[in-house]
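**Q** Handing you a structure now.
The values are calculated or read from the model by the stated rules, or taken from the named source; none is laboratory data. The shown structure was predicted, so the numbers you read here are calculated from the model rather than taken from an experiment. Every residue, glycine as well, gets a Cβ built from its backbone with ideal geometry; the counts of neighbours run over all protein chains shown.
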Ligand SMILES: Nc1ncnc2c1ncn2[C@@H]1O[C@H](COP(=O)(O)OP(=O)(O)O)[C@@H](O)[C@H]1O
Ligand SMILES: [Mg+2]
């Protein structure tokens, strides 16, 4: 069962990025004038292929990457001026492991909590470890843990100082199903507690399942940011195939208003529509009614909605067309 979360209507920006540009030594432009606002309390998915600039963007906010230009405000404060204060309220689950393998789980978590200025709390640490099913591994050295367990430690570390804003960089890339499910549940719980979550992914499915809003990034440029549902409505397309009992020579006049074509020598009636209107499903139902009224019998109807993946491919093509 996919986990679904209700959309919370919150508008206040917790993170405001303006004109953020990063060119690495050698001239590669990893971020190209990125503008982005993330609202308090939402789950925002930054969706893009490998090399799009997702990790660079997170690194710029979290202090591993020095931006070339642009500004970043978190919690209403300029991160350049109030760096320490703002950074303490941010958690990061990095894409790469980067853990001291000879350290224990316990020391890593406690150290991380202290590093970001929180007082020690046995209760909180136990709670975090339990939520990630790490309690019985608490005093193990990291090198003794499986890959999945090490990822859990990364998450525990990121949560150790109770951040208000949590970044998850490709959280489920290469993790097992169980951890993925735990992670989704955890993200849902965190959001319930008011934590704002920004995750990067190249899995459409993940953005589609989890996010309130989605930003699509490619080549260091944000192509589109919108509510997930609005993206689906704006760019979503319905495709339906009616398999007819008897082939048609032409599309009946009563169906002229719809985007229809005939295939397979007239024995399949294909509908492709609903782009930008979100009315695809309703139109398919209308077409079915009209066919029945006109005694055109169909023996099968296959219908599919476009996934974010289709949308992504479509946007890429649009970009190529204009550039
Ligand atoms: N330290 C670096 N030095 C030079 N180029 C880098 C560095 N880190 C990333 N890049 C390049 O910047 C681009 C964006 O990378 P990255 O932000 O890691 O993308 P993503 O996380 O979306 O896969 C890629 O072309 C990548 O090769
Ligand atoms: Mg990355």
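**Q** For the condition surrounded by fewer than 15 Cβ atoms within 10 Å (Cβ to Cβ), away from ligand 1 (no atom under 16 Å from the Cβ) and at pLDDT below 95, what is the one hit in 110, 143, 87?
**A** Result of the check over 110, 143, 87: 143.
**Q** Scanning segment 133-160 for residues that are touching a residue at least 40 places away in the same chain (Cβ under 8 Å) and in contact with a strand residue (DSSP E or B) (Cβ under 7 Å, 6 or more places away or on another chain), which turns out farthest from residue 84 (Cα to Cα)?
**A** Only one residue tops the list, namely 141.
**Q** Of the numbered conditions (1) over 27 Å from the mean Cα position of the chain (by Cα); (2) part of a loop (DSSP other than H, G, I, E, B), residue 97 fails exactly one; give the number of that condition.
**A** (1)
**Q** Follow-up. Any residue that is touching a strand residue (DSSP E or B) at 6+ places or on another chain (Cβ under 9 Å), crowded, with 20+ Cβ neighbours inside 10 Å, at pLDDT 95 or above and not in a loop (DSSP other than H, G, I, E, B) - is there at least one of those in segment 252-266?
**A** Taking every residue of segment 252-266 in turn, none turns out to be touching a strand residue (DSSP E or B) at 6+ places or on another chain (Cβ under 9 Å), crowded, with 20+ Cβ neighbours inside 10 Å, at pLDDT 95 or above and not in a loop (DSSP other than H, G, I, E, B).
**Q** Yes or no: residue 205 at pLDDT below 90, away from ligand 1 (no atom under 16 Å from the Cβ) and under 30 Å from residue 28 (Cα atoms)? Steps first, please.
**A** Details: at pLDDT below 90: yes; away from ligand 1 (no atom under 16 Å from the Cβ): yes; under 30 Å from residue 28 (Cα atoms): yes.
It is true that residue 205 is at pLDDT below 90, away from ligand 1 (no atom under 16 Å from the Cβ) and under 30 Å from residue 28 (Cα atoms).
**Q** Within segment 150-179, count every residue that is more than 16 Å from ligand 2 (Cβ to nearest atom), modelled with pLDDT under 90 and surrounded by 18 or more Cβ atoms within 10 Å (Cβ to Cβ).
**A** The qualifying residues number 1.
**Q** From the list 38, 65, which residue is within 16 Å of ligand 2 (Cβ to nearest atom) and either under 23 Å from the mean Cα position of the chain (by Cα) or closer than 21 Å to residue 194 by Cα (or both)? Please lay out each step first, then the result.
**A** Details: 38 fails: within 16 Å of ligand 2 (Cβ to nearest atom).
Checking each option against the conditions leaves just 65.
**Q** Residue by residue through segment 184-202, note down the ones that are more than 16 Å from ligand 2 (Cβ to nearest atom) and either at pLDDT 95 or above or in contact with a strand residue (DSSP E or B) (Cβ under 8 Å, 6 or more places away or on another chain) (or both).
**A** Our first condition is that a residue be more than 16 Å from ligand 2 (Cβ to nearest atom); within segment 184-202, this holds for 184-197.
Listed by number, the residues that qualify are 187, 190, 191, 195, 196, 197.
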